[in-house]
Structure formats: structure tokens, C-alpha cells
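This report refers to the structure that appears directly beneath it.
The values are calculated or read from the model by the stated rules, or taken from the named source; none is laboratory data. Because the structure is predicted, anything quoted here is derived from the model rather than measured. With ideal geometry, Cβ positions are generated from the backbone for all residues, glycine too; neighbour counts draw on all protein chains shown. SASA here: full protein model, heavy atoms, side chains in, ligands and nucleic acids out. Shrake-Rupley method; radii C 1.70, N 1.55, O 1.52, S 1.80 Å.
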Amino acid sequence: MREIGIVGSGPMAIYLLKYLAASDEPLAISIFEASSTAGTGMPYDPALNADYMLCNAFSREIPAPVRPLVDWLKDRPARELGDWELSAHDLTARAFYPRVLIGEYLHSQFGDLCKNARAAGHKINVLTKCRVTDIEVADGTKATVHCESGQSAKTIAFDEVVIASGHSWPDVPEIDDVKLVSPWPYTNITGLDQDDIGVLGSSLSAIDIVVAIGHARGEFAESGDRISWLPNDVDDALKITMVSHMGIMPEGDFYYPFPYEPLTCLTQEAIDEEIARGPDGLLDRVFALLCDELDAADPDHLAGLPETARTVEGFASAYFSRRRELGGLRSVKRDLAGARETMRRKETIPHRYALLRGHEAFDRILRELTEADYARFLDHLMPVFADCYAAVPHLSLARVIALHDAGVLELVATEEGAEFSQTENGDIAVETEDGTARFDVMVDARGQAPASLTELPFPGLVEALRAPDEPLLQPFALDFATDKASRIHCLALPQILERYPFSQGLVECSRHARRVAEDILGDRADG
């Protein structure tokens with residue numbers, strides 16, 4: 001029986017287990033989890049996240065490890081749903097749910113996967129409170145996992161190892177040698193007692209942090225679509241400032257058909273033709289297809305933007321120009337009203353739908369681009385795609401607006417090349433477009449950054465790599481200096497993000513895990 005070790009038990013590992021367990025070949029699978037609970041994952045862990053932090057994937061988009069999320073929810077007792085302030089009426093395929101509720105779902109599904117896999121003849125061993133410290137690579141033999149559990153250390157040999165260790169966050173993040181507050185666990189945020197709080201970032205992570213501060217220092221009162229915020233102490237001098245490069249936030253979730261409707265110009269056939277023509281000019285050719293797609297979807301959209309919108313270098317600044325001109329939080333107010341209207345009418349926003357779909361087409365060319373064009377993509381196009389697929393649940397935006405209306409939240413843009421510094425009295429200072437901003441403390445909300453293979457926390461494994469500075473590519477099998485080295489795949493999110501920048505989210509976890517499972521199972525079938 002082939003022995004497979006999986007390092008980590010979050011979403012990537014859960015979906016990997018799903019696809020491995022579908023094999024007719026009996027497998028012995030061991031899953032290592034450093035925490036006391038397996039089958040949740042950092043973004044959904046109740047020890048790290050508050051129950052008011054919402055997942056921005058609606059339930060129908062989440063791939064089912066065993067059962068769809070809505071079906072699982074419908075089987076929950078009414079009392080359990082009530083604990084989440086949910087009723088049977090709230091359970092729809094288009095709804096957003098708290099991240100920790102998604103964590104409960106994943107944990108339950110993980111248990112079902114393990115039970116079903118054992119019933120199918122696989123051996124499943126889940127090792128909790130067991131931290132992997134290194135992975136030893138041997139020439140032509142099994143890989144050896146070194147792990148620690150409490151005060152004891154042990155080694156276990158495997159035919160295959162998959163690193164599925166999920167997110168990686170520093171305990172004390174820094175920018176320009178200035179120490180910031182880590183957003184994990186969320187109690188780092190709710191425990192802040194300073195009045196002047198900076199939040200570095202303005203996307204989904206930053207929104208969660210702002211809402212967490214709001215909950216800690218007051219309460220949100222809801223009345224229909226209207227939400228207001230009241231402080232616990234009327235004399236509270238709380239002031240929160242979100243600081244980001246452009247001083248804007250992602251727009252709210254909007255209505256669109258799902259399953260997706262086919263695109264007109266950015267078709268698979270068109271992308272295949274452009275890839276076949278070679279890497280030189282590939283980015284510009286596919287960008288031209290994107291402009292054609294936007295024109296077909298909404299002829300007035302690009303026409304209403306500056307002429308630079310039809311160039312790779314000018315697209316992002318033109319696309320964001322309207323939000324910047326109106327102002328970050330005032331723009332959020334306007335756009336939220338429009339997004340809510342699309343939901344009521346069940347009418348999509350054509351240009352946003354084209355961009356949401358368009359990122360999938362661009363993802364197919366990213367590994368084909370020259371290094372220079374890949375850098376151009378990250379600098380000039382990725383911000384727009386990230387803004388569009390990071391659409392924010394309306395409730396989260398309404399809470400942000402409530403804090404702004406209460407006079408405690410602002411959103412500012414940094415100056416080009418702005419540097420962060422620590423003043424003599426300990427304040428954190430940064431140059432913004434409105435002048436120098438100073439904060440008592442600043443929280444890091446920049447999200448997960450890409451990382452190279454050299455940053456994997458397994459020194460022996462890194463030392464054995466043939467080219468550790470090279471990006472990780474599908475099927476994510478590591479290349480070692482010896483030709484007949486152990487078989488190890490890497491599904492660690494920071495390392496995947498280096499060349500697969502759209503890999504955040506459960507849909508991509510499922511896709512990448514399937515690809516690795518196919519490589520592992522296909523290797524035995526081919527051999």
C-alpha cells in the first residue's frame with residue numbers, strides 16, 4: 001500500500017484528500033496538523049477569526065468536499081442556525097456566510113471524507129498537535145518527515161509527501177523596518193486600546209480588521225439596509241485610518257449569472273491561438289481581446305474612461321479614476337447602492353462581469369509570458385482583476401460606511417514611493433496625498449504575499465532543491481538536485497502565489513489539489 005504524507009489539514013489538504021480517496025488503489029494517507037483541530041484552515045479557524053467576518057465566496061461557488069454547503073446547512077438543527085443568527089429562510093446558494101461557519105462546514109466535511117475513505121479501503125491517520133519541522137529527501141528512497149508532538153520528536157517515511165501548509169504570516173510584520181500588528185488572531189485587533197489606529201491596506205483583510213475594531217469599541221445597529229455604529233463610550237476618541245496605495249476599496253458583490261455564461265472575445269480558442277503565436281507580445285494581444293470583450297459587453301464603459309484605458313500601462317489608473325475622483329469612502333457609498341440594485345433586479349454590471357470572467361483567461365497565459373511581461377501584468381493589470389474578484393459582501397461594506405458616517409473611519413492614499421517611519425515618541429508616520437499621517441499603532445492588512453521556495457520552513461528540503469529560486473509550476477512537483485529523489489509536491493499557498501496569483505480561495509484550492517492528485521495517481525498508473 002502506497003504511503004502518502006500531507007503536511008497541513010486546511011482546504012488544500014481537504015480537497016487533496018477528496019481526490020486521492022477517489023482512487024481505486026488503496027492508499028495509506030497520514031495528515032499532519034500543528035493545531036489541536038484538523039480540517040479547518042487558517043482563514044476559517046474560530047481561534048483566529050471572529051464570527052462577524054464574512055467569506056466573500058457565495059455558497060454555490062464553494063466546491064463540495066462531500067456535500068454542498070447549502071445542503072449541509074439545511075440539515076443543521078434550528079438551534080444551531082439560531083446561534084449564527086440564521087433561519088431556514090436565509091439558506092440560499094447566493095448567500096454569504098461567516099468564515100468560521102465555513103470552517104465548521106469544512107471540519108465536518110473533512111470528518112466525512114476520512115470516514116468514507118476508510119470505508120473504501122484506504123488507511124487514514126490524522127495527527128493533530130504534530131508540527132512538521134523538516135522533510136528529508138533521499139536518493140531513490142522514501143521521503144522522511146520530521147515532526148514534533150509535545151516534547152517528543154519522531155520521523156515517518158513516505159512514498160509521497162505533499163506540503164499543503166496554507167497561509168504563512170509573520171508574528172510581527174514589518175514595513176520599512178517599522179513593526180506592525182499582525183491581524184491574526186483577531187484578538188490582536190480587538191485588544192487594541194489605542195485611539196489613533198492605522199490599517200495598512202483597504203481590501204478584504206483590511207475591511208475585516210476595521211469591522212473587528214468597530215465591534216470591540218462599539219456596536220452596529222441594523223435596520224434593513226441601514227446600519228449605524230454607536231461607541232461603547234461616548235467619550236471614545238477612536239479614529240481609524242485605512243492607508244493604501246490608491247486610497248480606494250473593492251466594490252460590493254453584484255449580481256451575475258452562475259454557472260457563468262460564455263464570453264464573446266476572450267474565448268478558450270482565442271487564447272489558445274494567441275499562446276500558439278509565442279510569448280513575444282502575448283500580454284498585449286490578450287489585453288486587446290479584453291478590450292474587445294469590454295466593448296462587446298458595455299460599449300460605453302471604456303469610451304467613458306481616459307484614452308489610456310486601452311493600454312496595459314494605463315488601464316488600472318483609468319479604471320480606478322472615477323473612484324479616486326469621488327473619494328474612497330464616498331465612492332463605496334455610491335457603488336454599494338448600485339450593487340444592491342443589481343441584486344434586487346437580478347441584472348448584472350456588464351463590465352464587471354467581463355472582468356470577473358476575464359481573469360480566468362489571463363490566468364491561462366501567465367506561465368507563458370516573458371519575465372518582463374509578467375512583471376507588467378502584476379504592476380498594471382493584476383490590481384484591476386484583484387479588485388473585481390475580491391467583491392465584498394454588502395453587509396461588510398455597510399458596516400464600513402457606518403463607521404465612516406460616525407466620524408471614526410477615513411481612507412487615504414499614500415504618496416508615490418511613500419516610506420513608513422517611527423517617530424521619537426513611538427508614533428508611526430507615513431506620507432499620504434493629504435500630508436503626513438501619524439498613528440499610535442498600525443495593523444498589517446496587506447494579505448498573503450507570494451514567497452519563493454527558499455522560504456519554506458523546511459531547511460533540509462530547501463537545501464536539496466535543484467533551483468530553489470525558480471517559481472513553482474504545475475503539477476507542483478519539487479525538482480531536486482538528485483535525479484531519483486523522493487517524490488514531494490508543494491501546495492503551500494505563498495509559493496503557489498508566486499506564479500499563480502489568482503490562487504486565493506476555495507475554488508482554486510480544489511483545482512490545484514486535483515492537479516496534484518492526478519499527478520500522484522497517474523504516476524503509479526503510468527508506471
Length-normalised contact order of segment 116-259 in % [C-alpha pairs under 8 Å, at least 6 apart]: 14 percent
Taking only Cα atoms of segment 219-284, radius of gyration then Dmax in Å: 23.3, 65
Contact order normalised by residue count of segment 1-134, Cα under 8 Å, 6+ apart, percent: 39 percent
Dipole in debye (nearest 20) - the chain, about Cα centre, beta carbon charges: Lys, Arg +1; Asp, Glu -1: 1980 debye
Amide H partners (placed H, <5 Å) of residue 49, local residues excluded: 186
Rotationally averaged projected area of the chain (alpha carbon convex hull; nm²): 26.4 nm²
Antiparallel DSSP beta bridges within the chain, as percent of all bridges there, nearest 5: 50 percent
Electrostatic dipole magnitude of segment 14-149 [Cβ: Lys, Arg +1; Asp, Glu -1; Cα centre; debye, to 20]: 280 debye
Leading residue at positive end of dipole, segment 1-118 (Cβ point charges), from 117, 101, 9: 117
Theoretical gain in end-to-end length, residue 78 to residue 141 [0.36 nm per residue, Cα-Cα removed]: 17.4 nm
Helical mean residue ellipticity (222 nm; -39500 (n - 2.57) per DSSP H run of 4+; nearest 500) of the chain: -11500 deg cm²/dmol
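Take every Cα pair under 8 Å in the chain that's 6+ residues apart, average their separations, divide by the length, and report that relative contact order as a whole percent.
Worked out over the chain, it gives 21 percent.
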Protein accessible area in the chain, 1.4 Å probe - carbon and sulfur %: 47 percent
Dipole-positive endmost among 135, 282, 312 within the chain (Cβ charges, Cα centre): 135
Cβ-Cβ FRET estimate between residue 418 and residue 234, R0 fixed at 30 Å, reported to 0.05: 0.30
Normalised convex hull volume, segment 165-220, alpha-carbon set, Å³ per residue: 110 Å³
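Suppose every K and R has +1 on its Cβ and every D and E has -1 on its Cβ; what is the size of the dipole of segment 324-399 about the Cα centre, in Debye to the nearest 20? Each step should come with its number before you reach the end.
Numbers: 14 positive and 11 negative charges, 131 e Å.
Approximately 620 debye in magnitude.
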Eligible lysines near residue 333 by straight Cα distance, threshold 28 Å, same-chain separation 8 or greater: 239, 346
Volume per residue that the Cα convex hull of segment 99-174 spans, once the total is divided by residue count, Å³: 152 Å³
Solvent-accessible area per residue, Å², over segment 1-131 with all protein chains present [probe radius 1.4 Å]: 41 Å²
Radius of gyration, Dmax [segment 357-423; alpha carbons; angstrom]: 17.5, 49
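Rg(Cα) of segment 204-353 divided by 2.2 N^0.38 Å?
Normalised Cα radius of gyration, segment 204-353: 1.35.
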Efficiency of FRET from Cβ geometry, residue 258 and residue 67, R₀ 25 Å, rounded to 0.05: 0.85
Using distinct alpha-carbon pairs, which all enter the 1/r mean, Kirkwood radius of segment 1-43 in Å: 10.9 Å
Hz values of 3J(HN,Hα) by residue in segment 114-128 - Karplus curve (6.51, -1.76, 1.60), Gly and Pro given as x: 4, 4, 5, 5, 5, 5, 8, x, 8, 9, 10, 10, 9, 10, 8
Segment 425-525: projected area of the alpha-carbon convex hull, averaged over directions, in nm²: 10.0 nm²
Label-to-label distance, nm, for residues given as residue 169 and residue 115 (7 Å Cα→Cβ offset): 3.2 nm
Residues residue 330 and residue 438, FRET efficiency given R0 of 22 Å [Cβ-Cβ distance, rounded to 0.05]: 0.40
Residues of type lysines that residue 123 reaches as a straight line, Cα spacing below 30 Å, ignoring anything fewer than 8 places off in the same chain: 18, 115, 142, 154, 484
Relative frequency of Cα-Cα separations exceeding 19 Å in segment 46-97, percent: 29 percent
Gyration tensor (alpha-carbon) shape descriptor, segment 1-73, a/c threshold 1.5: oblate
Zero-based 10 Å bins, Cα pair distances in segment 359-490, whole percents: 9, 23, 27, 24, 14, 3, 0
